[in-house]
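A short write-up of the structure that comes next.
The values are calculated or read from the model by the stated rules, or taken from the named source; none is laboratory data. Note that the structure is predicted; figures quoted are calculated from it, not measured. No Cβ is skipped: glycine too gets one built from the backbone with ideal geometry, and neighbour counts run over all protein chains shown. Each accessible area value is taken on the protein alone, full model and side chains, heavy atoms only, with ligands, DNA and RNA left out. Shrake-Rupley method; radii C 1.70, N 1.55, O 1.52, S 1.80 Å.
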Amino acid sequence: MIGGKAGYGIMVTGTMFSRCCARGGLHVFDTTEYPSLIRGGHNTYQARVEEREVNSHIELIDLLVALNKETVDRLKDKITENGGILFDSSETKINREDMRGDIRLYDVPLVRISKEVSGDKVMMNTVSLGATIALADYDLNILNSVIKDTFSDKGKEIVESNMKAAKAGYDHIKSNYKDAFKCRLERISSISSEKRMLLTGNEAIALGAIRAGCKFYAAYPMTPSTPILHYMASHAMAKDIVVKQTEDEIAAIHAAIGASFAGVRAMTATSGGGFCLMTEGLGLAAITETPLVVVMGQRGGPSTGMATRTEQGDLRFVLHASQGEFPRIVMAPGDVDECFHAAAQAFNLADKYQVQVLILTDKHLAESHKTASRFDTDYKIERGLLSDEQLERINDFKRFEMTETRVSPRTIPGQKKGIFRVPSYEHDEHGWNSENPGNRTRMMDKRMRKIDHILKDIPDPKIYGEKDADITIVSWGSTKGAVLDAMRFLKNDGINANFLHLSYINPFKADFVKRFLGSAKRTIIVEQNSTMQLKGLIREKTGIEIQHTYSKYSGRQMYPHEVYDRVKEVIHG
Amino acid sequence: MARPEDFNTPMTPVWCPGCGNFGILMAVKQAMAEAGIKNHEAVVVSGIGCSDKYNQYINTYGFESIHGRILPVAMGIRLANHKLKVIAIGGDGDGYGIGMCHFIHAMRRNLDITYIVCDNQIYGLTTGQTSPTSDKGFRTKSTPEGNIESPVRPLALALATGATYIARGFAGDVSHLKSLIVEGIKHKGFSLIDVFQPCVTFNHRNTYEWFNQRVYKLDRKNHNPKSREEAMRKAEEDQKLPIGLFFSEDKLTYEDEVGQIKEKALVKHDISDVDIDDLMDELM
């Protein structure tokens, strides 16, 4: 864990450390907490590293890199037995007698070394990284390779001075602290060991979208989805994507709708506040049957709420947003791998059924890094567009024709025989305005019945753990990691839990969920909201009332030990 | 050579008899024919209000957006396929009221869109409330004591914001309006054509007769459309009302500066197998 004031480069430093671990073949899950401001405040970056897959962050800290006193004061109680604090006594005064006796103190002159190398204190992070690598008895060459990749666009000089700073920090530990620190990082360098990526949910979604051929991305900056805008913009030229930062979210969604109507795969992303503005556009896309992918990164609401903190408070909002009734697909991926596949699949589903796909993430999933195997990119692109040749054989082209699957033939502007116009009013099969009651009922049914076909096309919810379990845990979206890790702890205690995770929420797989929960011995649902929104939805769709709950809405992601504690409480009464 | 009738659809316009929209519709179809537009290579984007019906009456690709959102949709279409002619048609409430934010940003972007605003200075479809261009003192259902606000001056706003073709027509002079639209379509960049459109049912103040007494045409003798200062002076006239071309300039369009679409339209890019191996490498 590294902590300090905003503006100290905490996030870059944390990501560099995680990448060092990933490059050595280790598994990482890291998470960052920061207030909504640019300078000052208290930022932390926590990396959890193991030899096996890690899915969540935990509350305990083995090594705390404290760039200021506040970090020590806030976090010293979370330090594990014989854990350590790495600090600079010229910046951070620590009284030995205020500390638990077992805590090791590593006083490294971060500022002095930084000033010696660069004439400024900006490199104290890098010095601390070098010192951390030394304490963990890890490989400095890996850190050097990460420094090189991180700073290469800033010039050779910056790369070299960072390497020097890291080396000095490394040497300081090696020559002043001979006793081994309790945690060692060891490179897993067998040939069979797989190389992994380190990425966030946002990056995984962007990758999925690019793979799926998303060519138009419009957005207005809003935490936690802004990094998607940055990622798409920085790769726009190389991948031929037009990225447009618009005047507001209303323009973003409507521009995406226009681009999609004109034939390119289009996406926008936002958070709850921006999604409020987008809801009218969602309905427009629905009645015009224009394919669209919207990423909705949840954060603490209502209103500005907690701009940089996590929450799952918008499930009901997204399920029902915009007036009237229309089919929509709502996905809630649980980790970076699912984020990638959700995005890639979203474009196919949107095109195939001419519907809107909403990908629900939250700050925790969107911005936390996880190591992941390279993604399986074996996707067939399914556009569902009429070719000019097909059009030649059609006498009377009807853009909104009633078909077996309720999905109508689609053309794009520029096709000679495919001319149509679509109003945002109710319309008939040709796209002529119509308020005829019979037509209205038919067109509503046409749109709504697409849901039946989509339901068959999307995967069943995933089940983790064994069939016959003492308790069944239910969750959706980003709480997946905490639940999976809690199951490990429970297993160590001889408690056999299984886990139903919903990463597609609409259309709802009612039969599957009913069957599975109907045979469960005990049930508990965990959610990051106060009203247990999925619990209510499950009751609505299946009639099943889940017996126990654990909810957290403090703006901080739940820890696996919290799930573990609650499950034990339920089991032992 | 296309004829105006080639842009007819089977639908019969349902505007009130005498509505200014009839003249505008006629001018638009004539202009499309004269500008050599092919039906399948054009998209008409409309919004909500009496002018939303243009979606149904012009035989090109058509997308009817919702109230105020014509220009963002038009932008998406242009960026996805800049080989298409995009003609946006809306009302004063749509463009200068609820859509004002998009209007300003669209102009400063200078996308190659022709934007025709049917400006009847009243909310017609909702049966007669004050509009952003209603005159001060105008009594409507929502301002029975008279409108307190000063009207938006769209042409002055366009000049200040960066539109590169700024004109005003009158629904009562179809052939003059048609020529303004033709030039607007041919112009490379954002063209605004604000149209005085009498609303015979709800606006009994700004009638055909009222306009006929006040409008006069801009021509080479009385105006230089290359001069921003002169154009601004003309845009601020409110006794006699000039119609014609106020201002035009040549400037790179937004599309011109988007490198990704230099070689071909975005929609023509092959997406069947986009390689992301390099992107995954970056994350190692």
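Placing +1 on the Cβ of every Lys and Arg and -1 on the Cβ of every Asp and Glu, with no other charges, gives the protein assembly as shown a dipole of roughly 700 debye about its Cα centre.
Relative to the Cα centre, the charge distribution of segment A:2-193, modelled as +1 at Lys and Arg Cβ and -1 at Asp and Glu Cβ, gives a dipole magnitude of about 360 debye. Please label the shape of segment A:199-372 as rounded, prolate or oblate, based on the square roots a ≥ b ≥ c of the eigenvalues of the alpha-carbon gyration tensor (a/c under 1.5 means rounded; beyond that, a/b larger than b/c means prolate, else oblate). Judged from the Cα gyration tensor, segment A:199-372 comes out rounded (a/c under 1.5). Comparing the full protein assembly with the isolated chain, the residues of segment B:30-76 losing at least 50 square angstrom of accessible surface (1.4 Å probe) are B:HIS40, B:GLN56, B:TYR61, B:PHE63, B:GLU64, B:ILE66, B:ARG69. In this view, the solvent-accessible surface of B:TRP210, computed with a 1.4 Å probe and all protein chains in place, comes to about 60 Å². Relative contact order of chain A, taken over Cα pairs closer than 8 Å and 6 or more residues apart, is 12 percent. Ligands, DNA and RNA left out, the 1.4 Å accessible surface of segment B:118-174 is 55% carbon and sulfur atoms. In the complete set of protein chains, residue-level accessible area for B:LYS83 is approximately 140 Å², probe 1.4 angstrom. Taking the longest Cα principal axis of chain A as reference, the axis of helix A:140-151 is set at about 50 degrees.
Helical content of chain B, expressed as a calculated mean residue ellipticity at 222 nm, amounts to -8000 deg cm²/dmol (DSSP H runs of 4 or more residues, -39,500 (n - 2.57) each, divided by residue number, nearest 500). Compared with its chain on its own, segment A:207-240 contains the following residues whose accessible area drops by 20 Å² or more in the full protein assembly (probe 1.4 Å; ligands, DNA and RNA excluded): A:LEU207, A:ILE210, A:ARG211, A:GLY213, A:LYS215, A:PHE216, A:TYR231, A:HIS235, A:MET237, A:LYS239, A:ASP240.
Element breakdown for chain A at a 1.4 angstrom probe: carbon and sulfur atoms account for 48% of the accessible area. A 1.4 Å probe run over segment A:197-236, with the rest of the protein chains in place, finds 18 Å² accessible per residue. For segment A:249-280, a decrease in accessible area of 30 Å² or greater in the assembled protein chains relative to the isolated chain, with a 1.4 Å probe, applies to A:ILE250, A:HIS254, A:ALA255, A:GLY258, A:PHE261, A:ALA262, A:VAL264, A:GLU280.
For B:PHE202, the accessible surface of its heavy atoms amounts to roughly 70 Å² (probe 1.4 Å, protein chains only, rounded to the nearest 10). Entry comment: accessible area of segment A:385-458 is 51 Å² per residue, from protein heavy atoms only and a probe of 1.4 Å. For a paramagnetic label modelled on A:ASP149 (point 7 Å from Cα along Cα→Cβ), amide N atoms under 18 Å away belong, within segment B:247-277, to B:276-277. Could you calculate the FRET efficiency of B:ASN212 with A:LEU37 from 1/(1 + (r/R0)^6), where r is the beta carbon distance between them and R0 is 60 Å, rounded to 0.05? After rounding, the FRET efficiency stands at 0.50. Between A:MET448 and A:ASP511, the contour length at 0.36 nm per residue exceeds the Cα-Cα span by 20.8 nm.
Heavy-atom accessible area, probed at 1.4 angstrom with all protein chains present, ranks B:ARG78, B:ARG214 as B:ARG214, B:ARG78, highest first.
In this calculation the C-beta distance from A:LYS568 to A:GLU466 is compared with R0 = 30 Å, giving a FRET efficiency of 0.95.
Solvent exposure of chain B, expressed per residue, is 40 Å² of accessible area, with all protein chains present and a 1.4 angstrom probe.
For segment A:2-193, dividing the convex hull volume of the Cα atoms by the residue count gives 123 Å³ per residue. In this simple spin-label approximation, B:LYS83 and B:THR143 carry label points 7 Å from Cα along the Cα→Cβ vector, and these lie 4.7 nm apart.
Axis of helix A:156-176 versus longest Cα principal axis of chain A: the two differ by about 50°, to the nearest ten degrees. Placing a label point 7 Å from the Cα of B:LYS262 along the Cα-to-Cβ direction, the residues of segment A:232-254 whose backbone N falls under 17 Å from that point are A:235-243.
Distance between the C-alpha centres of segment A:484-499 and segment A:55-125: 33 Å, rounded to the whole angstrom.
Which shape class, rounded, prolate or oblate, goes with segment A:137-216 when its Cα gyration tensor gives a ≥ b ≥ c as root eigenvalues, a/c under 1.5 marks rounded, and past that a/b bigger than b/c marks prolate? Oblate, since a/c reaches 1.5 and b/c is not below a/b.
Looking at segment A:199-372 alone, DSSP beta bridges between its own residues are antiparallel in about 10 percent of cases. Working from Cα positions, state the angle (0 to 90°, nearest 10) between the long axis of helix A:249-261 and the longest principal axis of chain A. Once rounded, one gets 50 degrees.
How many partner chain Cβ atoms sit within 10 Å of a residue's Cβ in peptide B:150-157, on average, as a whole number?
Working: counts 0, 0, 0, 0, 0, 0, 0, 0.
Other-chain Cβ atoms within 10 Å of each residue's Cβ, averaged: 0.
Within straight cross-link reach of A:LYS491, meaning Cα distance under 26 Å, which lysines are found once same-chain residues fewer than 8 apart are removed? Straight-line reach from A:LYS491, under 26 Å: A:LYS78, A:LYS182, A:LYS370, A:LYS462, A:LYS467, A:LYS480, A:LYS514, A:LYS521, A:LYS535, A:LYS552, A:LYS568.
Is segment A:462-571 rounded, prolate or oblate when judged by the Cα gyration tensor, a ≥ b ≥ c being the square roots of its eigenvalues, rounded requiring a/c under 1.5 and prolate requiring a/b larger than b/c?
Oblate, since a/c reaches 1.5 and b/c is not below a/b.
Taking 0.36 nm per residue of sequence separation and removing the Cα-Cα distance, the A:LEU105/A:GLN390 pair yields an extension gain of 95.2 nm. The B:LYS188 and A:GLU435 beta-carbon pair, evaluated with R₀ = 56 Å, returns a calculated FRET efficiency of approximately 0.90. On association of chains B and A, roughly 5200 Å² of accessible area becomes buried (total for both chains; probe 1.4 Å).
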